[in-house]
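As structure tokens, the structure follows; a few thoughts come after it.
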Amino acid sequence: MADRPRGDGGPREGTPEYNWLYGDKRRSGSPDDATRVVPKQSAGDETRVMPAGAPREPRKSRPAPPNIAPPPRTGSGSSWRSRLPRPRLRWLWILLLLWLVFLIAIPIWAWTTVEKVDAEPAGSRPDEQSGTTYLVVGSDKADDLTAEQRKVVRAGQRSGGRTDTIMLLHVGSGPNLLMSIPRDSIVDIPGQGTNKINAATAFGGPKLLVRTVEQNTGIRVDHYIEIGFGGVINLVDAVGGIEICPKAAMKDPDARLDIKKGCQEADGLTALAYSRSRKTYAARGDIDRARAQREVVSAIGHEAVSPWSILNPVRYYQLNMGAADAIRVSEGTSMFSAARFAFAMTRVNGEDGLTCTVPIADLAVNWDPERSKQLFQHIIDDDTDGVGKRLCTPTGLAQ
């Protein structure tokens, strides 16, 4: 094989057989151009190969889309419609608005059916006091019961009678305080001499009862609220029953009561019998009976403010209408005052409030002259924070 021609290490000038590989230096400004990768440039859907050393063509940018202005609005109606929420969202707002109207309208309507009673006594009364005090009375009149209910609870048709339950509820700057006054308490009834306190209703109705409570305690009564037999039954049934926790099994044929020991669900008739029974409380009689009454009233209030009472429209309606049928209130009691009372009744147990019986000296229900006056003074001064366990006990007896 013949040797390659020798010289300066590269192909000889003028030898065209190697120019196809290395390029012609005379036509290129740089020796590197000879080995440059040939660029490709796309034109449309085809790819065109550019010859080496050819100048690149500038890349054509895509034309911008035409600037199309939105169509002009034809009138104010189109602008108003554009601001409306989507159809589903509109229906949601409409339903929410109707629900709020329902929640507001039902209590107002129910309040118009509440019976008012003149309970403000004549003559001198205690001065205005801080806080608000309610006199809560459970009447034993049965004319608001159906014939079947009267048969079950063994109550006759009565247009009036003595009170089964007497309680004072004080709402003020401190904890709420619910104090039971046993119906057999021996007190002075104005114009009637010494007698059991529940006789005041039979002698002179709500006015005389309010005057008797004020005269014997020094506490000014701001509002009078009376609950009948039928009201207890209807309210308990309206909230779907309540929980009661008897400390022993109770069987009272006269009250149609037969329940076991311990916490359990009770319907309206059972709750009423539980709060009325006297024979099953052999040791402390009316004292334990008053405790059961406070338990029932507080349990009704607790169920009434549960979320389900608001979310369930049927229960909400029955609860409001049942409460309106159940009570009679003093003429000066407003809807707001009644609502405050209902809410306060849910805040009388545990850390939320105080529940006790008026301090008594013995089981004959004679009030303790020292301890009772001290407790009354705390209520008069709106100082329930200062009420200790010595003054506020479940039975009223000193512990």
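The values are calculated or read from the model by the stated rules, or taken from the named source; none is laboratory data. Please read all numbers here as calculations on a predicted model, not as lab measurements. Note that each Cβ is placed from the backbone with ideal geometry, even for glycine, and that neighbours are counted across all protein chains shown. Note: areas computed on protein heavy atoms with side chains; ligands, DNA, RNA excluded. Shrake-Rupley method; radii C 1.70, N 1.55, O 1.52, S 1.80 Å.
Residues whose amide H falls under 5 Å from that of THR333, counting only those 5 or more places apart or on a different chain, are absent, with hydrogens built in the peptide plane. The calculated FRET efficiency for THR393 paired with THR194, based on their beta-carbon distance and R0 = 25 Å, is about 0.50.
Our coupling estimate for the range 87-92, obtained by passing each phi through the Karplus curve with A = 6.51, B = -1.76, C = 1.60 and θ = phi - 60°, is x, 5, 5, 4, 5, 5 Hz, Gly and Pro reported as x.
Between the amide H of ASN176 and those of LEU354, distances stay under 5 Å, these residues lying 5 or more places away or on another chain, with hydrogens modeled in the peptide plane.
For a label point 7 Å from the Cα of LEU95 along Cα→C-beta, name the residues of the range 289-312 whose backbone N is under 16 Å from it. 311-312, by backbone N distance to the label point.
Please give the net charge around ASP184, taking every other residue with its beta carbon less than 9 angstrom from that of ASP184, where Lys and Arg add +1 and Asp and Glu add -1.
+1
Over the range 235-302, the hull volume per residue, using the convex hull of the C-alpha atoms, is 69 Å³. Only protein heavy atoms count here; on that basis, with a 1.4 Å probe, PHE336 has an accessible area of about 150 Å². Taken about its Cα centre, the range 307-399 carries a charge dipole of about 280 debye when Lys and Arg each add +1 at the Cβ and Asp and Glu each add -1 at the Cβ. Measuring with a 1.4 angstrom probe and ignoring ligands and nucleic acids, ASP383 comes out at about 60 Å² accessible.
Annotation for GLU243 and LYS116: the two label points, set 7 Å from Cα along the Cα-Cβ direction, are 4.0 nm apart. In this simple spin-label approximation, SER173 and SER124 carry label points 7 Å from Cα along the Cα→Cβ vector, and these lie 2.7 nm apart. Per-residue 3J(HN,Hα) values for the range 133-139, derived from phi via the Karplus relation 6.51 cos²θ - 1.76 cosθ + 1.60 with θ = phi - 60°, read 10, 10, 9, 9, 10, x, 7 Hz in sequence order (x marks Gly and Pro).
Projecting the Cα atoms of GLY388, HIS378, ILE360 onto the charge dipole of the range 349-399, computed from C-beta unit charges around the Cα centre, puts ILE360 farthest toward the positive end.
Within the shell of other residues whose beta carbon sits under 9 angstrom from the beta carbon of ARG125, the net charge comes to -1, with Lys and Arg scored +1 and Asp and Glu -1.
Per the 1.4 Å probe, what fraction of the accessible area of the range 204-272, in percent, lies on carbon and sulfur atoms?
In the range 204-272, the share of accessible area belonging to carbon and sulfur is 47 percent.
At a 1.4 Å probe radius, carbon and sulfur cover how many percent of the accessible area of the range 274-399? Of all accessible area on the range 274-399, carbon and sulfur atoms account for 56 percent. The phi torsions of the range 386-399, fed into the Karplus equation with coefficients 6.51, -1.76 and 1.60 and a -60° offset, translate into couplings of x, 7, x, 5, 5, 8, 10, 10, x, 9, x, 7, 5, 10 Hz, rounded to whole numbers, with Gly and Pro shown as x.
Return one whole number: the accessible area per residue of the range 249-384 in Å², for a 1.4 Å probe.
47 Å²
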